[in-house]
Amino acid sequence: MAVDLIGERWTCLILRASMLGLCHFEEFQACLGIARNILSDRLGRLVAGGILARTPDPEDGRKVIYALTARGAGLLPVLVALRQWALDSGLGKPSHPALADRRDRLPVARLTLQAQDGRPLELEDLVWVGPEGEELALPAATVPSRSRRSAA
């Protein structure tokens, strides 16, 4: 399950640091202030999960480079969405570095769910469908009805 692989605080911080360009064990440790044993464990899990690749450093044979794989780079929207949610919820503080477009140095646009035609979607616009396009019914006890949700 994805949350088992990346759903832990230190793992998210390691991923963010990797996306900012850190690649050596010592850099991660110094930047994050993480204990060596925890860092070693989390890096090992990310490598085993195909999120990071571990390769020898061609400039220093005693070091290794941890680099995002294509699978790891695919987590960028997840981390950006999590940061935006935290800021919206008052759980984080706007800080630098801010994520910006390399070309014009302007902050990236907010992430939104979009329909196939580009319309922004909210929770009430969504439904789970099966392989034939049929709406899937979940047990009533687990999902509030639309009327109960809108009344809340």
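The values are calculated or read from the model by the stated rules, or taken from the named source; none is laboratory data. From a predicted model like this one, the values you see are computed outputs, not experimental measurements. With ideal geometry, Cβ positions are generated from the backbone for all residues, glycine too; neighbour counts draw on all protein chains shown.
So here's what we get for this one:
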| quantity | calculated |
| --- | --- |
| Test: residue in the stretch 41-57 that is more than 22 Å from Leu76 (Cα to Cα) and touching a strand residue (DSSP E or B) at 6+ places or on another chain (Cβ under 7 Å) | yes |
| Filtered residues of the stretch 38-68 (kept if basic (Lys, Arg), part of a helix (DSSP H, G or I) and within 17 Å of Glu26 (Cβ to Cβ)) | Arg42 |
| Leading residue by the ranking (nearest to Pro77 (Cα to Cα)) among those in the stretch 113-136 that are free of Cβ contacts under 8 Å to residues at least 12 places away in the same chain, outside any loop (DSSP other than H, G, I, E, B) and of a type in the set (D, E, K, R) | Asp125 |
| Output for the stretch 14-33, where each listed residue is without any contact (Cβ under 8 Å) to a residue 40 or more places away in the chain and surrounded by fewer than 14 Cβ atoms within 10 Å (Cβ to Cβ) | Gly21, Glu26, Ala30, Gly33 |
| Residues (among the basic types (Lys, Arg) and buried (at least 16 other Cβ atoms within 10 Å of the Cβ)) located in the stretch 34-44 | Arg42 |
| Check on Pro107, without any contact (Cβ under 8 Å) to a residue 40 or more places away in the chain and either in contact with a strand residue (DSSP E or B) (Cβ under 6 Å, 6 or more places away or on another chain) or closer than 18 Å to Trp10 by Cα (or both) | yes |
| Candidates Arg110, Arg103, filtered to the one that is assigned to a loop (DSSP other than H, G, I, E, B) and within 30 Å of Val127 (Cα to Cα) | Arg110 |
| Subset tally (residues that are at pLDDT 90 or above and part of a loop (DSSP other than H, G, I, E, B)) for the stretch 79-100 | 0 |
| Lone qualifier among Leu82, Leu32, Leu39, Leu46 - being under 30 Å from Leu123 (Cα atoms) and not basic (Lys, Arg) | Leu82 |
| The stretch 45-60, subset among the small types (Gly, Ala, Ser) and without any contact (Cβ under 8 Å) to a residue 24 or more places away in the chain, residue surrounded by the most Cβ atoms within 10 Å (Cβ to Cβ) | Ala53 |
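A quick yes/no check of all residues on (1) surrounded by 10 or more Cβ atoms within 10 Å (Cβ to Cβ); (2) at pLDDT 90 or above; (3) of a type in the set (A, V, I, L, M); (4) on the phi > 0 side of the Ramachandran plot:
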| position | (1), (2), (3), (4) |
| --- | --- |
| Leu106 | no, yes, yes, no |
| Thr112 | yes, yes, no, no |
| Pro120 | yes, yes, no, no |
| Ala141 | no, no, yes, no |
